[in-house]
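Colleague: My structure is below; once you've seen it, I'll send some questions.
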């Protein structure tokens, strides 16, 4: 399926759900990065069981958001769409004390000081619907890993050097997220930022064993199965912010939001 056909497929699904599309705003946080076509090694034979086996995947070229979606960006979506879609799927846990977007009069706004932080408490359907509203889609698990790992199989987005506080937000206190654009030293080979720590990220793929196969049903976009999450969160230890980590111990009911899960989009 070509990228153009994929986009049409995802847009059709959202129209069925009653969600319109919006034009992306011309801000730096909406930048996308081109990931070239090619093969890479997905997974690891040295990591946890759900990362095995390491296997070769070939992907066509695609684009992915340079940054995760922020609270300010998601507030725009809530003002246009609301907290539930036409199917009754919950998009955002607005009533959870860990949410950082709240009502101010008749508008949803990011809490003071949190506008550029990664948004959390978004359900998987909320991430799916937001991306379609922007004319995009959630990245597949393979696309996410390729963008983070590069063509050289690096352990962290920036390389194989162990993490430090100049590269990522990790091993921090509960709810201690950071702005998405303050770790330029943590950029991946392709210039994608914040792919280690700060907030885990929903992907389109259902959480299924490897090898990854996009044709085995794991890319079915109907809400239901547990979905993949990648990258680690602000409260993750260093060993959980690698490019191959899949979050097997993470609490991630896809119908609900979580204090440490956000997302980014692809096209």
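Colleague: Which of the following residues is buried (at least 24 other Cβ atoms within 10 Å of the Cβ) and under 25 Å from residue 62 (Cα atoms): 141, 219?
Modeller: Every option except 141 fails the conditions.
Colleague: Does any residue of segment 68-85 turn out to be surrounded by fewer than 18 Cβ atoms within 10 Å (Cβ to Cβ), at pLDDT 95 or above, over 18 Å from the mean Cα position of the chain (by Cα) and assigned to a loop (DSSP other than H, G, I, E, B)?
Modeller: yes
Colleague: Which of the residues spanning segment 97-131 are in a loop (DSSP other than H, G, I, E, B), surrounded by fewer than 14 Cβ atoms within 10 Å (Cβ to Cβ) and either on the phi < 0 side of the Ramachandran plot or in contact (Cβ under 8 Å) with a residue 12 or more places away in the chain (or both)?
Modeller: If the condition is that a residue be in a loop (DSSP other than H, G, I, E, B), surrounded by fewer than 14 Cβ atoms within 10 Å (Cβ to Cβ) and either on the phi < 0 side of the Ramachandran plot or in contact (Cβ under 8 Å) with a residue 12 or more places away in the chain (or both), then 97, 98, 106, 112 are the ones that fit.
Colleague: What residue, of 221, 250, is farther than 26 Å from residue 152 by Cα, out of contact with any helix residue (DSSP H, G or I) (no Cβ under 8 Å at 6 or more places or on another chain) and touching a residue at least 12 places away in the same chain (Cβ under 8 Å)?
Modeller: Being farther than 26 Å from residue 152 by Cα, out of contact with any helix residue (DSSP H, G or I) (no Cβ under 8 Å at 6 or more places or on another chain) and touching a residue at least 12 places away in the same chain (Cβ under 8 Å) holds for just one of 221, 250, which is 250.
Colleague: Just to verify a result, which residue in segment 164-188, among those that are farther than 14 Å from residue 235 by Cα and in contact with a helix residue (DSSP H, G or I) (Cβ under 6 Å, 6 or more places away or on another chain), is surrounded by the fewest Cβ atoms within 10 Å (Cβ to Cβ)?
Modeller: 166
Colleague: State which residue is surrounded by the fewest Cβ atoms within 10 Å (Cβ to Cβ) when the search covers only segment 189-216 and only residues that are out of contact with any helix residue (DSSP H, G or I) (no Cβ under 6 Å at 6 or more places or on another chain) and outside any loop (DSSP other than H, G, I, E, B).
Modeller: Among those residues, the one meeting the criterion is 206.
The values are calculated or read from the model by the stated rules, or taken from the named source; none is laboratory data. Small disclaimer: the values here were computed from a predicted structure and weren't measured. Note that we place each Cβ from the backbone using ideal geometry, even for glycine, and neighbour counts take in every protein chain shown.
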